Structures are given as C-alpha cells and as structure tokens.
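*Asks:* Encoded as structure tokens, here's the structure I'll be asking about.
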Amino acid sequence: MGQVSVCRENDPVSFGEKLAGSTRFTALFDEGMALVNAAAAYLDGAGRVDVKRLDRTAALAYAVESMRLTTRLIQVASWLLLQRAVNHGELTRPEAAIEQKRIRLTKDDKVSPDDVLALLPLRLCRLIEASLRFQARVIHLDGQIYRGPGRRARSLQARSPVTRQIEAIEAAFAAGQGGGDLTSCRGRDCRTAS
C-alpha cells in the first residue's frame, strides 16, 4: 500500500490579491475614478471662482493643497489602472509589481496646518479628506498585494541556503527512492501515514 501524506502545503491566502481580482475591485475602481472626476470638475469649475474670494495666505494654501490633491489622485488612479490591467490579463502580477514601484503612495500628504485648511473652501476640504481616506484604503490593499505575509514567506524561503537541498530530497522522494512524499511538508514537522 502506498504512502499518503497527512499534511499538505498551505500557501497563505492573499486577501489583497483576491479583492484586486474580484468584482468588489470594480466598485473600488469606480469609486476612485468618481473621486478623480469630482476633484477635476471642482478645480476646473467652482474652485476657480472660490479661489478668487480668498486672501493671499488662503489662496497660497489653496494652490498647494489643490496641487497635492491632484498629485495624490493621479497616483491612486495609476495604481487602480495597474490593478485593472492585471485583472484584464494585460499584465501579470510580477509585471505589475515592477510597474507598481513607480507609483508613490504616501500616507502623509497634507502640507498646510489645520488653521490654514480652515480658511479653504469647504468643498476643497471635503475632497482632500475623501482623497486621503481613499488613498489610505489603496495603501492598505497595496501592502496586502505586494508586501503581504505570503509573499514575504515565499521570498524568504526562495533565498534560503537549504532550498536546493530540500528540492533534491523532494526529487528523490518523487522518483520513488525515498518511499514517501515530503513535498507537502516543507517547513513543518510532518509525517507520512501508511
């Protein structure tokens, strides 16, 4: 009677990758693009009128914060488009990981102090806050996809100096020389059952 393994290899599930490849991502994508469009519409429309009513200090803060808002949303939109390209098969996840390094997602993106922000038009402040919240969600998801625990474990395992020895032992067992199957027990104390 052949040997049956009681253990199986468990790769951690990447919830970030699952979400990025799901229909929920479409809702996230649509939400992000709607935010981009809302900001563009405001800055090109009512924002031009609003800035003319501001004093010099507030107008300078408006210019700085509107530029930061635009930059933040361009980076978020780039990230969303990159994930959509993976979902549509235009890029592989490893190709996207290379491209993702060009996208700068940072948490600290407010320049002006709160007292100066209080001088800005309410609509701009709401767009800034919405963009910061959305960016935080994207940063969290990005971390799960590109720096999650499963990726770290696999990369550490690939760099391990004993990986070749383990693979040689697994190859010997697979060829029938060892009498059992250890391929599913990598990294654990597993036993084979008869």
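*Asks:* Measure off 7 Å from each Cα along the Cα-to-Cβ vector at ALA174 and ALA118, then give the distance between these two points in nanometres to one decimal.
*Replies:* About 6.7 nm separates the two model spin labels.
*Asks:* Would you mind calculating the relative contact order of segment 15-153 from Cα pairs under 8 angstrom and at least 6 residues apart, reporting the percent as a whole number?
*Replies:* Result for segment 15-153 is 38 percent.
*Asks:* Cα atoms only: what Rg and Dmax, in Å, come out for segment 15-153?
*Replies:* Rg then Dmax for segment 15-153, in Å: 16.8, 55.
*Asks:* Given labels modelled 7 Å from the Cα in the Cβ direction, how far is it in nm from ASN37 to HIS140?
*Replies:* Taking the two extended label points, one gets 2.5 nm.
*Asks:* Can you tell me the order of 51-63, 81-93 when each peptide is scored by its average per-residue count of other Cβ atoms within 10 angstrom, highest first? Don't skip to the answer; put the middle values down first.
*Replies:* Numbers: 51-63: 13.9, 81-93: 15.5.
Listed from highest to lowest mean packing, they are 81-93, 51-63.
Values in this text are rule-based calculations from the coordinates and carry no lab data. Quick caveat: nothing in here was measured; it's all calculated off a predicted structure. Using ideal geometry, Cβ is built from the backbone for each residue, glycine included, and neighbour counts are taken over all protein chains shown.
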